Amino acid sequence: MPDPSLLNGRHFQIFTAVLRSRGLAEAALKLGISKAAVSKTLSLMERETGVALFVREHGRLEPTAAARRLLPRAEQAANHLAWALEEATALGQASTRTVTVAAHAPPLMALLPKAIQRFQVSHPQVNVRVQVVGPPEVLKQVAHHEVDLGVTNPPAPNTISYVQMCERRTISEDLMVAVMHRRHPLVARSVVRPEDLVGLDVIALPEESPTSLLLRATMQEAGVQAGKGIMASTSMGVCALVQQNVGIGLINPMLLSTGIFPDIVARPFRPRIELWTEIYHSAIRPLSDEAQVLATYIEEVALALPGAGTLGKSRARSRAAK
């Protein structure tokens, strides 16, 4: 009779690696074991569960529906094994602990420096590592437990699977602004509207970014199309181009709180487009005490920013995302 109780975390770790790889050879390389050992583990899992987990199609090993159903739980088992091994290794080391944070440009510039300075004072024995990536990659790294904390926008539709693996809370609520060089003609306007962008050089963020999705919907509802576009991968890049009067951008005003772009002027954009900044951490991996402290510092810095919480600081404190 099959006996799934004979399986352990290492079996699930190998199973997960196979499903996340392009074949047995790649999985074996990731795991540092032989291809034969991977194949033997898969056969053992099928024998002990009594279920076919893989079929061979066109010379390739393909997972069955049962294997895909098992994958989320197998990943949890594999992750718990990895965390246990990390902790076991740390017990015998005198090295300092590390908190790793992933963030995109606005919170990186406006929030993290002061929060990290406070953390260095309260936790001098703990290292802080910062990953600078775009919003989708922030969520991916948190979901895959590559970082302890993520600080970024709410998710775009294509990242929803990652968000389901995260806990999050809103720390800042702001309104999108139009940014331009101080000599740009639109500086004379008190408010910038969709129709004002027609025929202008607009510096846009990638199409999949949450900011771009919201802006595109607003422009479509207004029945207008902005002028020829210039693409920048981050809002930091948008501001760098605006600083040189290359075009006009639409961004989260948080980035301007640093004062590092002296030639940029911001104007309110209407209709209002609400932008949120949120802290993310794994929904299944416990947050360390040190990471929790740093998260609290980041939130406190956000609430203390000049003009922070355009939509209300109390809402920023209380809004909880599911």
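A helix-only calculation puts the chain at -13000 deg cm²/dmol for mean residue ellipticity at 222 nm, using -39500 (n - 2.57) for each DSSP H run of at least four residues, averaged over all residues. Extension gain for Ala283 to Ser5 (0.36 nm times residue separation, less C-alpha to C-alpha distance): 97.5 nm.
With the chain treated as a Gaussian network of Cα nodes joined by springs under 10 Å, which of Lys140, Lys114, Lys30 yields the largest mean-square fluctuation? Its mean-square fluctuation being the largest, the pick is Lys30.
Helix by helix through the chain, keep the DSSP H runs that span 30 Å or more along the axis on Cα and average at least -1.0 on Kyte-Doolittle, and give those back in order.
65-91
Scanning residues 5 or more positions from Ile251 or on other chains, those with amide H under 5 Å from its amide H are Val177, Val179, with H placed 1.01 Å from N in the peptide plane.
Peptides 97-105, 40-48 ranked from most to least packed give 97-105, 40-48, packing being the mean of other C-beta atoms within 10 angstrom over each peptide's residues. Subtracting the Cα-Cα distance of Ser34 and Leu85 from their residue separation scaled by 0.36 nm leaves 16.3 nm. Identify the residues of the stretch 181-199 with backbone N under 19 Å of a label point that sits 7 angstrom from the Cα of Gln225 along the Cα-to-Cβ direction, or state none. Counting backbone N atoms under 19 Å from the label point, the list is 194-199.
Just checking the listed ones, Arg168, Arg189, Arg267: in the Gaussian network model of the chain with Cα springs under 10 Å, the one fluctuating most is Arg189.
Per-residue Karplus couplings for the stretch 100-111, computed as 6.51 cos²θ - 1.76 cosθ + 1.60 with θ equal to phi - 60°, are listed in order as 10, 10, 10, 8, 9, 3, x, x, 4, 7, 8, 10 Hz, Gly and Pro entered as x. Bridge orientation summary for the chain: considering DSSP beta bridges with both residues in this region, about 65 percent are antiparallel.
When a/c is below 1.5 the answer is rounded, else prolate if a/b is larger than b/c, else oblate, so apply that to the chain with a ≥ b ≥ c taken from the square roots of the Cα gyration tensor eigenvalues. Prolate, since a/c reaches 1.5 and a/b exceeds b/c.
Laboratory data are not the source of any read-out in this text; all were calculated from the coordinates shown. Model, not experiment: these values are computed from the prediction. Glycine gets a Cβ as well: all are built from the backbone with ideal geometry, and neighbour counts include every protein chain shown.
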